[in-house]
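Below is one structure, written out as structure tokens; the observations come after it.
What follows draws every value from the coordinates through simple rules; no lab data is involved. No experiment lies behind these values; they were computed from the predicted model shown. Here the Cβ positions follow ideal geometry from the backbone for every residue, glycine too, while neighbour counts run over all protein chains shown.
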Amino acid sequence: MNNPRNLMVGNWKMNGSLAANASLLADILAGLAQVHCRTALCVPSVYLSQLQTLLAGTAIELGAQDVSAHESGAYTGEVSADMLRDFSVRYCVVGHSERRQFHAESDGVVAIKVQRALAAGITPIVCVGETLAERQAGLTEAVVRRQMAAVIHANGHCISEIVVAYEPVWAIGTGLTATPEQAQQVHAVLRAQLQAATAQAERVSILYGGSMNADNAAQLLAQPDVDGGLVGGAALNAHEFLSMLKAASR
Ligand code: 13P
């Protein structure tokens, strides 16, 4: 029987083209019969319409990679939560470290984006994680707790409706992965923080992200508080992504 918290999410980041997306998705869908975990793909906004069509009637759900902190109006280039909803978007990555780092997203902005997603009926996948310098300074727990606290504070009892992703910044796209023990340690901290905030904390999936691949997925997913993965590079290869989905089908 599946753990209801199991969830595997591919984050395509700024990759793909109309042709490449169709081909990658066809290969993933061809192998989906042996997959028994919830699966979603978070794609660039301009491809939401394409993926909405291609995913219709399949077991894979659609996700976006960001959402505006504003509801509507003069915010050139932004995409609102209601607009995402128009394309049947079920999940939205919020507060990815690449947005925190390259777009100066603060904990406060991330917390508001989570509110916007929830108000539109979209499940935010809230990313938290420490840099290498923060880990080396012994600040890992303090950093993820601070990032999580801002989201909890702004979202009250709705907090049980989010998905959390622990993504150590030093492990993203580097080939360095947190050991299963390092991941479990932080996931347990996050679980406890959620438990203190809501009686429904058991509903919250906590995903690991950061160089997760077909070789290390099973060990990471075997940890009691690692409910799934947020996968970047390895989600762009159908064979590799499928083998991770199978590892999560427990
Ligand atoms: P990689 O799997 O490429 O390290 O990326 C992880 C990530 O940032 C997913 O959101």
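State whether segment 63-105 is rounded, prolate or oblate according to the following rule on the C-alpha gyration tensor (a ≥ b ≥ c being the square roots of its eigenvalues): a/c under 1.5 gives rounded; otherwise a/b larger than b/c gives prolate, and the remaining case gives oblate. Display every interim value, and only then the final one.
Numbers: a/c = 2.86, a/b = 1.24, b/c = 2.30.
Taking the square roots of the gyration eigenvalues as a ≥ b ≥ c, segment 63-105 is oblate.
Distance in nm between label sites at Gln34 and Leu132, each 7 Å beyond Cα in the beta-carbon direction?
My value for the distance between the label points is 3.6 nm.
Loop-only chymotrypsin sites (Phe, Trp or Tyr not before Pro) in segment 20-88, please: DSSP not H, G, I, E or B, and at most 12 other Cβ atoms within 10 Å. Don't skip to the end; give the middle numbers.
Details: sites: Tyr47, Tyr75, Phe87; in loops: Tyr75, Phe87.
Loop-located and lightly packed - Tyr75.
Which of rounded, prolate, oblate describes segment 138-196, given a ≥ b ≥ c as roots of the alpha-carbon gyration tensor eigenvalues and a/c under 1.5 marking rounded, otherwise prolate only if a/b is larger than b/c? It would help to have the intermediate numbers written out before the result.
Details: a/c = 2.07, a/b = 1.94, b/c = 1.07.
Verdict is prolate for segment 138-196.
Please give the charge dipole size of segment 151-250, origin at the Cα centre, charges +1 on K and R Cβ atoms and -1 on D and E Cβ atoms. Round to the nearest 20 debye.
I would put it at about 120 debye.
Using DSSP to call loops (not H, G, I, E or B), can you name the GluC sites (Glu not before Pro) in segment 106-215 whose Cβ has at most 11 other Cβ atoms within 10 angstrom?
Values: sites: Glu130, Glu134, Glu141, Glu161, Glu181, Glu202; in loops: Glu130.
Filter output for segment 106-215: empty list.
For the chain, what is the mean residue ellipticity at 222 nm derived from helices alone (per DSSP H run of n ≥ 4: -39500 (n - 2.57); sum divided by total residues; nearest 500 deg cm²/dmol)? Each step should come with its number before you reach the end.
Values: 10 runs with 100 residues, N = 250.
For the chain, the value works out to -11500 deg cm²/dmol.
Return the tail of the calculated pair distribution for the chain, meaning the percent of Cα-Cα pairs more than 30 Å apart. The partial results should precede the final answer.
Numbers: 6104 of 31125 pairs.
The answer is 20 percent, as a whole percent.
Along the charge dipole of the chain, which of Asn3, Ile125, Ser205 sits closest to the positive end, that is, farthest toward it, with unit charges on the beta carbon of Lys, Arg, Asp and Glu (+1, +1, -1, -1)?
Asn3
List the residues, sorted by chain then number, that are 5 or more residues from Val94 or on another chain and whose placed amide H is less than 5 Å from its amide H.
Ile125, Val126, Cys127
Please report Rg (one decimal) and Dmax (integer) in Å for the Cα set of segment 64-185.
Cα radius of gyration and Dmax of segment 64-185 are 14.7, 46 Å respectively.
Give, rounded to the nearest 20 debye, the magnitude of the charge dipole that the chain has about its Cα centre when Lys and Arg contribute +1 at Cβ and Asp and Glu contribute -1 at Cβ. Intermediate values should be presented prior to the final figure.
Numbers: 16 positive and 21 negative charges, 54 e Å.
Computed charge dipole of the chain: roughly 260 debye.
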